[in-house]
Amino acid sequence: MKLLKESEKRGRPDIVHFSLLEALGSPLNREGLLQVYVHTFNDYVISVAPETRLPRNYERFIGLMEQLFETGKVPQTGQVLLRLERKIMQELIAGIKPTHVIAFSRIGSPMILREVMTKLSAEKRLAAIIGGFPRGHFSQVTTRLANDMVSIDSQMLETWTVISRIIYEYETTISLNKKRLKRPS
């Protein structure tokens, strides 16, 4: 692996697995307010349906990913939960048609996450780019796609930590938790 170009950005499906579990298990996703995509180093995009429930077991997750890369979709019949397409990052962002794109990186402008989410909660179609690689930074191509690049901590954070914090702060900003806690009268 170390001999491959940009090896620091490869070979960690465990990061993707845990990050997807984190995002898909959130109230934001359960309310249908989150759409998740995974863009790979080799320009594949995995579209993840909000109702997808991934295996918690890592070995089963790897088997599911192998099936996805062999067949292009999972499951083969019925409602597709995972779809694989060849797509560069620019095509992915263009297809999403966001009103604002924000990238989270340690080298971005330092900002308090709650303030970022408050500012962006008015956006109709927000896209957040979060790096899922063990080390390194976004490519220049990716950084050019973002309207803003922010840092929410002076230290490097794990991908799933960033995802959890972003989702929670966004839920709080749009008062999703208050709406979910209200009991019918």
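The values are calculated or read from the model by the stated rules, or taken from the named source; none is laboratory data. Keep in mind the model is a prediction, meaning the values are calculated, not measured. Glycine also receives a Cβ, built like all others from the backbone with ideal geometry; neighbour counts cover every protein chain displayed.
Going by what's in this entry, would Ser19 be described as crowded, with 18+ Cβ neighbours inside 10 Å, outside any strand (DSSP E or B) and touching a Gly at 6+ places or on another chain (Cβ under 9 Å)? Please lay out each step first, then the result.
Working: crowded, with 18+ Cβ neighbours inside 10 Å: yes; outside any strand (DSSP E or B): yes; touching a Gly at 6+ places or on another chain (Cβ under 9 Å): yes.
So Ser19 passes the test.
Only residues that are charged (D, E, K, R) and at pLDDT 95 or above: list them for the range 86-113, please. Can you show your working first?
Applying the first criterion (charged (D, E, K, R)) to the range 86-113 yields 86-87, 91, 97, 106.
Answer for the range 86-113, where residues must be charged (D, E, K, R) and at pLDDT 95 or above: Arg86, Lys87, Glu91, Lys97.
Pairs needed: first member in the range 89-100, surrounded by fewer than 17 Cβ atoms within 10 Å (Cβ to Cβ); second member anywhere, acidic (Asp, Glu) and at pLDDT below 95; C-beta distance under 7 Å; at least 6 residues apart or different chains.
Thr99/Glu123; His100/Glu123
Cβ contacts < 6 Å: first residue under 20 Å from Leu126 (Cβ atoms), restricted to the range 33-58; second residue assigned to a loop (DSSP other than H, G, I, E, B), any location; separation 6+ or different chain. Result?
Partner pairs satisfying both residue conditions: Val45/Lys87; Ala49/Leu81; Pro50/Gly32.
Among the numbered criteria (1) exposed (fewer than 15 other Cβ atoms within 10 Å of the Cβ); (2) in a helix (DSSP H, G or I), which single criterion is violated by Pro55?
Of everything listed in (1) exposed (fewer than 15 other Cβ atoms within 10 Å of the Cβ); (2) in a helix (DSSP H, G or I), Pro55 misses just condition (2).
Step by step: first the residues of the range 114-141, then only those that are in contact with a strand residue (DSSP E or B) (Cβ under 8 Å, 6 or more places away or on another chain) and assigned to a helix (DSSP H, G or I), then the one that is surrounded by the fewest Cβ atoms within 10 Å (Cβ to Cβ). Which residue is that?
Leu120
So Arg180 ticks every box in (1) modelled with pLDDT under 90; (2) more than 22 Å from Thr52 (Cβ to Cβ) but one. Which box is left unticked?
For Arg180, the failing item is (2).
Where the second residue is modelled with pLDDT of 95 or more and among the charged types (D, E, K, R) and the first is farther than 24 Å from Ile174 by Cβ and lies in the range 124-146, which pairs have Cβ atoms under 8 Å and are six or more apart or on separate chains?
Short answer, once both residue conditions are applied: none.
Do the conditions hold for Leu68, that is, is it assigned to a helix (DSSP H, G or I) and either within 22 Å of Thr142 (Cα to Cα) or without any contact (Cβ under 8 Å) to a residue 40 or more places away in the chain (or both)? Explain how you work it out, then say what you get.
On the way: assigned to a helix (DSSP H, G or I): yes; either within 22 Å of Thr142 (Cα to Cα) or without any contact (Cβ under 8 Å) to a residue 40 or more places away in the chain (or both): yes.
Taking the combined requirement at face value, the residue satisfies it.
What single numbered condition from (1) under 16 Å from the mean Cα position of the chain (by Cα); (2) free of Cβ contacts under 8 Å to residues at least 12 places away in the same chain fails to hold for Gln76?
Single failed check for Gln76: (1).
Please specify each residue of the range 122-148 satisfying the condition of being among the aliphatic types (A, V, I, L, M) and more than 23 Å from Arg12 (Cβ to Cβ). I'd like the intermediate steps shown before the answer.
Taking the range 122-148 first, the residues among the aliphatic types (A, V, I, L, M) are 122, 126-130, 141, 145-146.
Ala122, Leu126 - these are the residues of the range 122-148 that are among the aliphatic types (A, V, I, L, M) and more than 23 Å from Arg12 (Cβ to Cβ).
Consider the range 34-52. How many of its residues are outside any strand (DSSP E or B) and modelled with pLDDT of 95 or more?
Going residue by residue through the range 34-52, those that are outside any strand (DSSP E or B) are 34-35, 40-43, 49-52.
Pick out the ones that are also modelled with pLDDT of 95 or more and you get 34-35, 49-52.
Adding up the residues that qualify gives 6.
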